[in-house]
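S.K.: Here it is, the structure in full.
Coordinate-derived values only; no laboratory data. Source: prediction; values computed, not measured. Note: ideal-geometry Cβ built from the backbone for every residue, glycine included; neighbour counts use all protein chains shown.
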Amino acid sequence: MDDSADSAGWYRWDGADLLLRLRVQPRAGRNAFAEPFGDALKVKLKAPPVDGRANAELLRFIAERFGVSRGAVELVSGQQSRTKQLRVKNPNQMTLGIKDARAG
């Protein structure tokens, strides 16, 4: 997927933090952003949904794409679900056409 995805409600800013609503597809061929899926953005992950491996892989992937440490990405909801909400604390780089709308 290119870096021009329309937000369609899958992200929003909360002060300096970015909130993402994602739909995870585990056991994919590679880690990648895919197309919007309702009010979420689909993310393909190589890891299986076993023993938290897909969640851990998702947090690492998001941290890498937004230029933050793994500790700056929090799984807010969806621990046992394919639809997840994540908080990226003060992202250093934007991707997917997300505009930096932080105050200041």
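S.K.: Between Val76 and Thr95, what is the label-point separation in nm under the 7 Å Cα-to-beta-carbon projection?
M.R.: The two pseudo-label positions are separated by 1.9 nm.
S.K.: Note down the net charge around Gly52, summing +1 for each Lys or Arg and -1 for each Asp or Glu among other residues with Cβ under 15 Å from its Cβ.
M.R.: Summing Lys/Arg as +1 and Asp/Glu as -1 gives +4.
S.K.: Shifting gears a bit: If Lys and Arg each add +1 and Asp and Glu each add -1, what is the summed charge of the other residues whose beta carbon sits under 13 Å from the beta carbon of Gly29?
M.R.: Spelling it out: positives minus negatives among the neighbours equals +4.
S.K.: Going by alpha carbons, how many degrees (0 to 90, nearest 10) lie between the helix axis of 53-65 and the longest principal axis of the chain?
M.R.: That works out to roughly 30 degrees.
S.K.: Something else about it: Quote the Stokes-Einstein diffusion coefficient, in whole µm² s⁻¹, for the chain, based on the Kirkwood radius over alpha carbon pairs, a temperature of 20 °C and a viscosity of 1.002 mPa s.
M.R.: D = 158 µm²/s.
S.K.: Using amide H atoms built 1.01 Å from N in the peptide plane, name the residues 5+ places from Val68, or on other chains, whose amide H lies under 5 Å from its own.
M.R.: For Val68, whose amide H was placed from the backbone, the distant partners under 5 Å are Asn92.
S.K.: Let me check I've understood the local charge: for Arg70, count other residues with C-beta under 15 angstrom from its C-beta, Lys and Arg +1, Asp and Glu -1. What total comes out?
M.R.: With Lys, Arg at +1 and Asp, Glu at -1, the net is +2.
S.K.: Listed here are the pairs Lys44/Lys89; Lys44/Lys84; Lys46/Lys84; which of them are more than 20 Å apart at the Cα?
M.R.: Table pairs above 20 Å Cα-Cα are Lys44/Lys89.
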